[in-house]
Amino acid sequence: MRHDEMIGKVQALAQLPDRGTAERATHAVVSTLAERLPSGLARHVAAQLPPDMAAAMREAADASAGRDSGAAGERFGLTTFAGRVAARAGTDEDRALRDAAAVLEVLDAALAPELTERMANALPADIRELLPVGRATQDTGRFG
C-alpha cells in the first residue's frame, strides 16, 4: 500500500480533520509499536511499509533495542502505549487510542497476514485489542 493511500485511510477511519494530523498519528503509532515489538519483528514490519514509515519504525526499533540492550522490545502495556502515542501526536490519550486503532487497522490491511499474526502474538492482550484480530477475538469471546 502506498503512503498517500495509508494516510488517507487513517484520516477517514479515525475521522481526523486533515492529512497532517493523520500523518502525525500514523508516525506516532508506528514509532511506539516499534518500541514494543521485538526489534527483528519491527524490521520485518518496516520492510512492508512505505519508505518514510519504514524509516520511523526502524529508528524507534533501533533506539529501543539500544536502551533495552536486547532484541525483545520494551515491556509496557496499553497505558504507556497510549501515553507515548499521545505525546508524539500532540493529542490526549483517548484520541491516541482511537487513532491507534485506525492506524493498526490500516497496517493490518497493508501487511502480509502472517506478519500481522506474528505482531499480534508479540503484543500484550491490552494492546492486541486495538488490532482488528484482537477486536474480533474479543467480540467472539463475548458472544461465544
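The values are calculated or read from the model by the stated rules, or taken from the named source; none is laboratory data. Since the structure is predicted, the reported quantities are computational estimates derived from the model, not experimental observations. All Cβ positions, even for glycine, are placed from backbone atoms using ideal geometry, and neighbour counts span all protein chains on display. Accessible surface is based on the protein model in full, side chains and every heavy atom, while ligands, DNA and RNA are left aside. Shrake-Rupley method; radii C 1.70, N 1.55, O 1.52, S 1.80 Å.
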Sequence-distant residues sharing a close amide H with GLY73 (under 5 Å, placed H): SER39
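Going highest first, how would you order 39-46, 12-19 by mean Cβ packing within 10 Å?
Numbers: 39-46: 20.6, 12-19: 14.4.
Packing proxy ranking, top to bottom: 39-46, 12-19.
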Of ALA101, THR21, THR79, farthest towards positive along the dipole that unit charges on Lys, Arg, Asp, Glu beta carbons give the chain: THR79
1/(1 + (r/R0)^6) with r = Cβ-Cβ of GLU59 and GLU93, R0 = 22 Å, i.e. FRET efficiency to nearest 0.05, evaluates to 0.40
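Charges at C-beta only: +1 for Lys and Arg, -1 for Asp and Glu. How large is the resulting dipole of the stretch 78-132 about its Cα centre, in Debye rounded to 20?
Working: 6 positive and 10 negative charges, 38 e Å.
For this selection, approximately 180 debye.
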Determine the share of the chain's accessible area contributed by carbon and sulfur atoms, expressed in whole percent, with a 1.4 angstrom probe. 51
With θ set to phi - 60°, apply the Karplus curve 6.51 cos²θ - 1.76 cosθ + 1.60 along the stretch 112-129 and write out the HN-Hα couplings as whole Hz, x wherever there is a Gly or Pro. 4, x, 5, 6, 4, 5, 4, 5, 4, 5, 7, 9, x, 3, 5, 6, 4, 4
Specify which residue in the list LEU33, ALA112, ALA63 is farthest towards the positive end of the charge dipole of the chain, using unit charges on the beta carbon of Lys, Arg (+1) and Asp, Glu (-1), about the Cα centre. ALA63
If each DSSP helix of 4+ residues adds -39,500 (n - 2.57) and the sum is divided by the residues in the chain, what number results at 222 nm, nearest 500 deg cm²/dmol? -24500 deg cm²/dmol
Between ALA112 and MET1, the two model label points (7 Å from Cα along the beta-carbon direction) sit apart by a distance in nm of 1.8
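Please work out whether the chain counts as rounded, prolate or oblate from its C-alpha gyration tensor, where a ≥ b ≥ c are the square roots of the eigenvalues and a/c under 1.5 means rounded, while otherwise a/b larger than b/c means prolate and anything else oblate? Let's see the in-between values first.
Working: a/c = 1.28, a/b = 1.05, b/c = 1.22.
Note, shape of the chain comes out rounded.
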Got a sec to turn the phi values of the stretch 13-23 into Karplus ³J(HN,Hα) couplings, 6.51 cos²θ - 1.76 cosθ + 1.60 with θ = phi - 60°, whole Hz, x for Gly and Pro? 5, 8, 6, 8, x, 7, 5, x, 5, 5, 4
Scoring the chain by relative contact order with C-alpha pairs under 8 Å, at least six apart, yields a percentage of 25
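Report, in debye and to the nearest 20, how large the dipole of the chain comes out about its Cα centre when Lys and Arg carry +1 and Asp and Glu carry -1 on their Cβ. Write down the numbers at each step before the final one.
Details: 17 positive and 21 negative charges, 26 e Å.
In total the dipole reaches around 120 debye.
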With θ taken as phi - 60° and the coefficients 6.51, -1.76 and 1.60, list the Karplus ³J(HN,Hα) couplings across the stretch 27-32 in order, rounded to whole Hz; mark glycine and proline as x. 5, 4, 5, 4, 5, 5
